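The values are calculated or read from the model by the stated rules, or taken from the named source; none is laboratory data. Quick caveat: nothing in here was measured; it's all calculated off a predicted structure. Please note: Cβ atoms are built from the backbone with ideal geometry, for glycine as well, and neighbour counts cover all protein chains shown.
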Amino acid sequence: MNPDYPLLAAIVLSLVLWQLNQSRGSPVIAIFNRWLRWFIFAFGGAAICLDLGWADRPYPVMVAAFFLLWFLIETLYNWLAIHALSVSPLPLFPRFTANTSGEEWPTHPRLLKIRDWLRANGFKQVQALKAEVGPSVYLRVSIYQDADASTRLQITFIPQANGALSVCYSLSTNTVSGYRYVTDNLHLPFGGFYPENWLVRRNLWRRSLAGLVKRHRNRLAVGNELVVPWTTDPLTDLNAQQRELEQVNTELGFLFPQAEREEHGKISHEGRYRVWKEYWMISYFGRSVRY
């Protein structure tokens, strides 16, 4: 068999996955496709160099060299992107407002099925919110609670560069002992610190809402915790969370103090490394870094 055929098949598969993810916005498909592109670059680049006589090294050596080159190029790009975010006026912890536009839930069939599941399992919508994360770019959030108001579900619709929408879930429960259990499948890199009383578990590979709800309830059962029903409205609580996260991360050195941000940007040098590391772990392994 011609050795070029597997490479061509991989290129076709990558294009098919990219096209599929235009409508699905699945981070799982995106992870697989990133690895596929990396291998295409490594094996394809090595083959081109040897075919054109640009190098006389063994093929495995050239593959390893191009594999490393991809890593270096993407690392440079990510560092520049993190630096640009740090010095930009875009907020790292945006403030939310009530979403009264009537567009709180997308009309895509696969997303409407999620809303049907929520109704069938006793979750009721409490509030719809939005936050501006860029010029005319909004992060839309829909907040639900279970029947006894002990668990609050935050559904976040994340706009993708290709125009697709990715949906992520975050379940939160407060306990009598003062802890907040958080179980989510957010695939955005954070890299910062959480308050000490937050017990956060990220499950990036678990895209099913039913599976994530089961995982969250199992955590509460294992911890044998008595829960406290939610009483504050979502808008007040979510903005209070944003302020607390910004304060904690400034105190612990992830963010520069306010007085130094004009000169150095928002994210400290250690913080930029943490964001870069978490981005790599999420993008290629679907795992959040645990510090």
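Within segment 215-236, restricting attention to residues that are buried (at least 16 other Cβ atoms within 10 Å of the Cβ) and among the charged types (D, E, K, R), which residue is nearest to the chain's Cα centre (by Cα)? Per the stated criteria, the residue is R215. Put simply, of S177, S170 the only residue that is under 22 Å from P27 (Cβ atoms) and modelled with pLDDT of 90 or more is S170. Within segment 137-161, if we keep just the residues that are among the polar types (S, T, N, Q) and within 17 Å of F93 (Cα to Cα), the residue that is modelled with the lowest pLDDT turns out to be T156. Taking segment 237-255 as the region of interest, how many residues are among the aliphatic types (A, V, I, L, M) and either more than 29 Å from R274 (Cβ to Cβ) or surrounded by 17 or more Cβ atoms within 10 Å (Cβ to Cβ) (or both)? Of the residues in segment 237-255, 4 are among the aliphatic types (A, V, I, L, M) and either more than 29 Å from R274 (Cβ to Cβ) or surrounded by 17 or more Cβ atoms within 10 Å (Cβ to Cβ) (or both).
Contact map, segment 180-198: first residue outside the structural domain of R243 (by TED's automatic domain parsing), second residue buried (at least 21 other Cβ atoms within 10 Å of the Cβ) and assigned to a loop (DSSP other than H, G, I, E, B), Cβ cut-off under 7 Å, separation 6 or more or different chains; the map is empty. F39 fulfils the conditions (1) under 20 Å from the mean Cα position of the chain (by Cα); (2) outside the structural domain of Q145 (by TED's automatic domain parsing) except for a single criterion, (1). Taking every residue in segment 37-54 that is closer than 18 Å to V12 by Cβ and pairing it with any residue that is surrounded by 15 or more Cβ atoms within 10 Å (Cβ to Cβ) and of a type outside the set (A, V, I, L, M, F, W, C), at least 6 positions away or on another chain, the pairs with Cβ-Cβ distances below 7 Å are R37/S14; I40/S14. Output the residues belonging to segment 81-109 that are within 21 Å of the chain's Cα centre (by Cα), exposed (fewer than 13 other Cβ atoms within 10 Å of the Cβ) and outside any loop (DSSP other than H, G, I, E, B). Result: A84, single match.
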